[in-house]
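Peer 1: After the structure tokens below, expect a handful of questions from me.
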Amino acid sequence: MELIEVIELAPGREDDTVVVAHSATSLTRGLEFGEAVVLRTAEGEHWTAKVRDIGFEVDDTVYTLDLGARLPDDLAADRLEGLDPLRHDLELHEVVDLLGDLRRRGDHEAGPTDLAELPLATV
């Protein structure tokens, strides 16, 4: 799995997407449609991401990435070295991916997704 380090996340046209120019990365090869990557921000946060679209300009390739779940450093390292069922908890990684999917769905369905926006329950 590839690591893409970005200084600033440029929002894509759709919610939970970001746009990254190939020239702004240290990638030695082009990414493929649907490829899963780990994105690291300037603040040191890691995110799961998947290539949603590939655009071509005269002098660059531009990737649109679907943002998934935020990863702690150890899970990001696991993914970058390649998940091995003998050494890694694959079920944990599957749960993290599901949480990323739910995060994206929550942005598109009715109802608040931020805990601060939820009404307080009274008992």
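Values in this text are rule-based calculations from the coordinates and carry no lab data. Computed from a prediction, not measured in an experiment: that's the story for all the values here. When we count neighbours, we look across all protein chains shown, and the Cβ atoms used for this are built from the backbone with ideal geometry, even at glycine.
Peer 1: Quantify how much of the Cα-Cα distance distribution of the stretch 1-83 extends past 17 Å, in percent.
Peer 2: 40 percent
Peer 1: With labels modelled as points extended 7 Å from the Cα through the Cβ direction, what inter-label distance (nm, one decimal) is found for ALA21 paired with GLU81?
Peer 2: Between ALA21 and GLU81, the simple spin-label model gives 3.5 nm.
Peer 1: Additional query: Less than 10 Å Cβ to Cβ from GLY12, Lys/Arg counted +1 and Asp/Glu -1: what total charge do the surrounding residues give?
Peer 2: -3
Peer 1: In nm, what is the difference between 0.36 nm times the number of residues separating PHE56 and LEU3 and their Cα-Cα distance?
Peer 2: 17.0 nm
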